[in-house]
Amino acid sequence: MDHAADAHRTDLMTITRFVLNEQSKYPESRGDFTILLSHIVLGCKFVCSAVNKAGLAKLIGLAGETNIQGEEQKKLDVLSNDVFVNALVSSGRTSVLVSEEDEEATFVEPSKRGKYCVVFDPLDGSSNIDCGVSIGTIFGIYTLDHTDEPTTADVLKPGNEMVAAGYCMYGSSCMLVLSTGTGVHGFTLDPSLGEFILTHPDIKIPNKGNIYSVNEGNAQNWDGPTTKYVEKCKFPKDGSPAKSLRYVGSMVADVHRTLLYGGIFLYPADKKSPNGKLRVLYEVFPMSFLMEQAGGQAFTGKKRALDLVPEKIHERSPIFLGSYDDVEEIKALYAEEEKKN
Amino acid sequence: MQSLTLTRYPTPISPPRLNLYPLRQIAASVLSAPTAGINRRDMASRHQSTSFKPLAVGRNLTGDDDDGYCTLIDFAGSGGGEGKNVGEDLVVLLYHLQHACKRIASLVASPFNSSLGKLSVNSSSGSDRDAPKPLDIVSNDIVLSSLRNSGKVAVMASEENDSPTWIKDDGPYVVVVDPLDGSRNIDASIPTGTIFGIYNRLVELDHLPVEEKAELNSLQRGSRLVASGYVLYSSATIFCVTLGSGTHAFTLDHSTGEFVLTHQNIKIPTRGQIYSVNDARYFDWPEGLRKYIDTVRQGKGQNPKKYSARYICSLVADLHRTLLYGGVAMNPRDHLRLVYEGNPLAFLVEQAGGKSSDGKRGILSIQPVKLHQRLPLFLGSLEDVAELESYGDVQQTVNPGYEV
């Protein structure tokens, strides 16, 4: 590979070009989704730039202090939220927004409304900003299927009704992973062009992986099936090689690695968090959507994750997602447990 | 691979408004660094028109008496925050080293590195001359080239090379380096890093044959380090360094191409609440280590809080978090290299008030006998590492040969 030549190619598949190509397959399409996505992409670029400067925040005026105009300066997660809310509203293609940062849903004013509802976590893993760990933005998109006044009911739908989902990971490189329901594709931001370039077309998760990802610090609080499964990962009785552990503690980073290398990501319920810790709408659903689109599975301990019907916008759920065969194993352990009870 | 000799970042020249190091005479030497897009004559004239105000000895470099914007080179030139004279040679060396790291950061972030990350050393396409190199080899070339250009390095020993490279007979310094630690994770955008250590050249060995003096210079004890550090390539690019008087971190400001002081005089908490180890190996651990992990997880150790687990499996990333939040980062089997990883990171941690150990003794006291010598490594908060050592049997000797 000639790095110099690649850097000067003009036939690169950018994310905009990719989505336009997809759009052309639907003659009735008016380009609304493309416009919405371009606003999400812009938000991701802005946040990426801010995250790069996170340590410089105090010096260049981002952190939670008062600036020279006497205005409170914004912490990065709040800033990211503002960026995405503004980007989504100004797209003119959204009606309802649900953000991890806002207690209530945001309803777009009638003059700027469109046919999409977006659920998102503007900066997932933001507690990791200080220590330079990869963090990211997660989003899911629903369509509005009526012309009445929008309500929270428009987003309290099962994940299997999402039309698109993705995340942008701000790591050693900035990568946007997207599915519009026809496979999963990864785009890497070229800092010199300011464009996301298709680098991982049609990602397929391996059927089985050799990495599991969970916070073992919580092991004493896990239920039976999770405990058994993790023990099996470490000490398989069938003579197969033991799995290895990786746990960044930032969902986007852990899921991204799982997607590319295979294996399983677990955030189970435990005694401290009986409903799990991750939020259904903007963490569990988008990541489960991507996993299934890449050939993997996502399971809550009771059912397929995308079949959950949330009742509250910030509802939580346990989640086990990753390679098809690995998730099958934990499903079997939960089925066994259910038989006993 | 022509473009690898260029950097995408602006050449790091401090704007006139900044306080610059008082070593005016080293400007010419600094200009020998590879540059892109700026005429060297322009650079020289810009340097000369800058007012070189000496930094007040020992003052707080982020105090109210200036705009708080202090670059790595300002900082080193002013004595590393302590006002002691680190010497112009070391400043020049650091300039070239940070330049190399900016080039590596640019490569790591590029969408065009996906195939670089995956290639094996032996892979080739067409003639060997045109065969693309994997990213860790490219990084090694970049560091070597920068150290050569500095004119300040006698020998470089790299984790990527079987034997050290002799560069310059009268170079005052010896540099040991792991150019891209964690590089096998690059295609999943997992944080990676460059680790380095700097020693004085042992002049008493000058009479020996090149191979011999190159090796012996590189096998110095960690206690003799002059400076060490790492560069973390992650959501931000962070250059963390000690010049022997405290540990300091600088964040790359892409708008100026400068590493800017963001964490002055880092002090690792005396205790943390995070342990970092591959828990999957629990059944291969010795009794002491199992007991320690079980105890702190349950909050029954000397610290009554329950410890949480984080394990990125990128040494630089796991250590960076440990340095800022406290706790302990470890690899209990003899896997990490004393010369390229153990010593530089142990020096950095101890300068931040932390502790290093191989499970039995301090890392910096160990005399390396082989360049690629491996050992167990435990780094972190003073009290956490001491408590871990008190369990006695913490070094993993069972090694069935792991795939991952």
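Structure summary
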{"item": "In sequence order, calculated HN-Hα J values of region B:333-345 (Karplus, 6.51, -1.76, 1.60; Hz; x Gly/Pro)", "result": "9, 7, 10, 8, 8, 4, 6, 9, 10, x, 5, x, 6"}
{"item": "For region A:211-339: Kirkwood Rh in Å [reciprocal of mean 1/r, alpha carbons]", "result": "14.6 Å"}
{"item": "Phi to ³J(HN,Hα) by Karplus 6.51 cos²θ - 1.76 cosθ + 1.60 over region B:261-274, Hz, x for Gly, Pro", "result": "4, 10, 9, 8, 6, 4, 10, 5, x, 5, 9, x, 9, 10"}
{"item": "Summed side-chain charge close to A:Thr300 - residues other than A:Thr300 whose Cβ falls under 11 Å, Lys, Arg +1, Asp, Glu -1", "result": "+4"}
{"item": "Above-threshold pairs, the threshold being 30 Å between Cα atoms, out of A:Lys204/A:Lys272; B:Lys168/B:Lys267; A:Lys277/B:Lys291; A:Lys237/B:Lys133; A:Lys232/A:Lys302", "result": "A:Lys204/A:Lys272; B:Lys168/B:Lys267; A:Lys237/B:Lys133"}
{"item": "Which of A:Met169, A:Gly224, A:Leu79, positive extreme of dipole for chain A (C-beta unit charges)", "result": "A:Gly224"}
{"item": "Counting DSSP beta bridges with both ends in region A:211-339, the antiparallel % (nearest 5)", "result": "75 percent"}
{"item": "Total lysine pairs whose alpha carbons fall under 16 Å of each other in region A:15-200 (8 or more apart, or interchain)", "result": "6"}
{"item": "Kirkwood hydrodynamic radius of region A:287-341, from inverse mean 1/r over distinct Cα pairs, in Å", "result": "11.8 Å"}
{"item": "Using a Förster distance of 56 Å, the FRET efficiency for B:Arg290-A:Ser111 (Cβ separation, nearest 0.05)", "result": "0.30"}
{"item": "Global size of region B:274-391 as Cα Rg and Dmax, reported in angstrom", "result": "13.3, 41"}
{"item": "Residue-span extension gain [B:Gln367 to B:Phe283] - 0.36 nm each, minus C-alpha spacing", "result": "27.1 nm"}
{"item": "Only Lys, Arg (+1) and Asp, Glu (-1) charged, at Cβ; region B:274-391 dipole about Cα centre in debye", "result": "160 debye"}
{"item": "For chain A, convex hull of alpha carbons as volume per residue, Å³", "result": "166 Å³"}
{"item": "Charge context of A:Ser91, other residues only, Cβ under 12 angstrom, K/R +1, D/E -1", "result": "+3"}
{"item": "Region B:178-313 shape via C-alpha gyration tensor axes, a/c threshold 1.5", "result": "prolate"}
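Each value in this text was obtained by applying a stated rule to the coordinates, not by laboratory testing. Nothing here was measured: the structure is a model prediction, and the numbers come from that model. For neighbour counting, all protein chains shown are included, and Cβ atoms are generated from backbone atoms with ideal geometry for every residue, glycine included.
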